[in-house]
1. What do you reckon, is T34 in a helix (DSSP H, G or I) and under 20 Å from V165 (Cβ atoms)?
2. Tell me, which residue of segment 17-49 that is modelled with pLDDT of 65 or more and within 23 Å of A130 (Cα to Cα) is farthest from the chain's Cα centre (by Cα)?
3. Of all residues in segment 386-406, how many are farther than 21 Å from T372 by Cβ and open to solvent by 60 Å² or more (accessible area, probe 1.4 Å)?
4. Could you check I425 against (1) under 30 Å from E255 (Cα atoms); (2) of a type in the set (A, V, I, L, M); (3) at pLDDT below 90 and say which number it fails?
5. Among the residues of segment 346-366, is there at least one that is open to solvent by less than 50 Å² (accessible area, probe 1.4 Å) and of a type in the set (V, I, T)?
6. Could you tell me how many of the residues in segment 463-500 are more than 15 Å from the chain's Cα centre (by Cα), open to solvent by less than 10 Å² (accessible area, probe 1.4 Å) and at pLDDT 70 or above?
7. Can you tell me which of A628, A637, A644 is modelled with pLDDT under 85, of a type in the set (G, A, S) and over 17 Å from L567 (Cβ atoms)?
8. Yes or no: segment 411-430 includes at least one residue that is farther than 24 Å from K472 by Cβ and of a type in the set (V, I, T).
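The values are calculated or read from the model by the stated rules, or taken from the named source; none is laboratory data. Every value quoted in this text rests on a predicted model; they were computed, and no experiment measured them. Glycine also receives a Cβ, built like all others from the backbone with ideal geometry; neighbour counts cover every protein chain displayed. Side chains are part of the model used for accessible areas, which takes the heavy atoms of the whole protein and leaves out ligands, DNA and RNA. Shrake-Rupley method; radii C 1.70, N 1.55, O 1.52, S 1.80 Å.
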Amino acid sequence: MLLIQILAILAILAWTGAAKAHDIVQNDSLAVLTFEIKEPKTKSNDDFNSVIETMRGIRSFLLDSGADTVRQHPRAAVACNTCHTTGKLAGHGMSINEAAPSLSCAGSGCHSLEKAGKMPFYAKGYVSLARWNALSKAEQMIDTAPALLGNLDQILAGLPELGDVKVSAALSGRGQQNTLGEAGRFSHARPADLLPGHAVAALADRVFDFPGPVTEKTKLEAKLEARTRYARHLSEHLQLQVALADILGDDSAPEMVELDIKDEYTKPPLDRDGSLGVLQNLIQSEFPNATVHKDETKSKERKFEWRDGRTEINFEWKENDKTKIEFKKLSPQDEATAMGVLNTIADQFDRTPSKREIKPKFEKVDRLLKDTKLELRYAAPEVLPLEALSLLQNEVWALLPEAVLKKEEARKVEWEIPGSPKGEIKADFKDNETKIEFKNLDMALHDEAIRVLSAVQDAYAVPARFARYELKFEAVTVDQKAQLHGALDNIEPSVRGDLLLEIKHKEDGKGTVPTLLDLTGPSQHLVSLDHDSIRLISNEVKLNKNLRFKELGAQVISSYVDSPLELAVELIDRIYALSLPRPLEIIYVSILKPTPALIARNRMMPANVLVNAFMNKLRLDMARKRIADVDGLQLQALGLELQAVLRE
């Protein structure tokens, strides 16, 4: 029933009124639900109009779902400078000409229709959170997010090729609002700009839960950010990373999977025949499964190579230059044996290698923790004086002696802290901005880093724009995602500062649709200590249409049909079985009648042209109520399957 409702709304072509930019409440905290299509390839007027019609249907759906107002972009018949009051479009009265979209920009000559497809296409529903009685409307609107996501394939059917599709829900504090009513730049906010506690308590779970857990093929990315007035208060937020420490990274060293060992003897090299003879005997004894792979002699060079499974053993001699003996892709259990071979050669010739290299290769550890950052930032006209850079250097040397100086310029200094991952310290004193940043430090060094920032900040009576602590993490497997959500349950924000938490579910290239399962929300404890410490929370799902449709099509084909020929015949039979009005039946059958014969002769392209023509006609008839929704949806489902088969 829900699917029928959505498709019926999307089929409505008549526009029933417009909400202008100034209708959006500028000074309220907002619940926002966004549906966005990025970069559709609008090569024709029909392509462009199909996207506009889809976004119009989404707009109607959001209004029916409880939104106070909906911002649709672009909007047909609304001049661009209605909303774009500044910038390049402010002086143009252009608007979308639905009769011929390609003529919309003809007057200015700025760009082609295809380039126009790169503009943002979105519908954003807004509900003000300023009143208690608005919560039910916000709940209703956010609760429709799974419906948009779960029926994405039907919603996007018939659109041209496109890039990402995004469905997101967010709660936004009222500060930093721009003319579109969206959340602006996240910075340390005044208390009045924070989200109302009652709204967070009522809606946070809905925002975080709507995608549900996702499958193995979809990645979950999260960003947690705290901003305070003073760097010393960042220490109150470090427990966020501590709470996640058990799953964000394994402190144990990764396992070595192979290594390369190389000895070189230079000027003079070892005796050619003598060293090779000794090596051959040792290989025969210690690596009995090794086989000769190359034996090459030139006037001033000699090369000899063995292979033992993946392991490569190389001997190279060059007259008056060097002798090189190398083990490559050596398994860790053979390391001692290979070292014994090299040491035996060194002893027999009473030489110490000029150079010995040992390069281990470790297993790839897929750590959840991807990035951490501690930062102090100033912005013009209130920036730190250049003399503060000397104070910073002294504090780093005193509190972080392990830091290695990598770059020193008049206004910029960089250090590196050895480790895995490598820590970084960067200071940049520009005329219009001062930024001091610590990235990817070991957790044990965070207190020292905050002491460095505090010492610099406290030494000067210059108000900082903000101090910031940021944590980025991701999960790929189902177990990791469950652990991540569990850890978020235990997070409690500090009473000082603002907290931002974003969760994104992203397709990783395999094209799997998120599943809608029950999940305990991560926001319970986010609101238990101090509701007003939340600045912005949001959840986002991003999918790629083409990859997702390819996999979805394959599943549909294997599950429901044996061949495109059988499906084409079934579609025609279904038209007869529905007892449609006679004129519709005649038109539909006349379009599709040649299709089975074309498929039988393997002429898939002309068959696909006819099916596309039928689908366009069907969508038009559904929009104009010439065919009942229940009948139209049956035919549309079969038509979509047939289109998928023919594309394959």
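1. Values: in a helix (DSSP H, G or I): no; under 20 Å from V165 (Cβ atoms): yes.
So T34 fails the test.
2. Residues of segment 17-49 modelled with pLDDT of 65 or more: 28-49.
So of that shortlist, the ones also within 23 Å of A130 (Cα to Cα) come out as 28-34.
On the way: D28: 29, S29: 26, L30: 24, A31: 22, V32: 20, L33: 18, T34: 16 Å.
The residue in question is D28.
3. Residues of segment 386-406 that are farther than 21 Å from T372 by Cβ, as a first pass: 386-391, 393-394, 397-398, 405.
Adding the requirement that they be open to solvent by 60 Å² or more (accessible area, probe 1.4 Å) leaves 386-387, 390, 394, 397-398, 405.
Matching residues across segment 386-406 total 7.
4. The single condition I425 does not satisfy is (3).
5. no
6. 8
7. Values: A637 fails: over 17 Å from L567 (Cβ atoms); A644 fails: over 17 Å from L567 (Cβ atoms).
Step by step, each of A628, A637, A644 is checked, and only A628 is modelled with pLDDT under 85, of a type in the set (G, A, S) and over 17 Å from L567 (Cβ atoms).
8. Going residue by residue through segment 411-430, those that are farther than 24 Å from K472 by Cβ are 411-413, 429-430.
Imposing the further condition that a residue be of a type in the set (V, I, T) reduces the set to 413.
Checked segment 411-430: at least one residue is farther than 24 Å from K472 by Cβ and of a type in the set (V, I, T).
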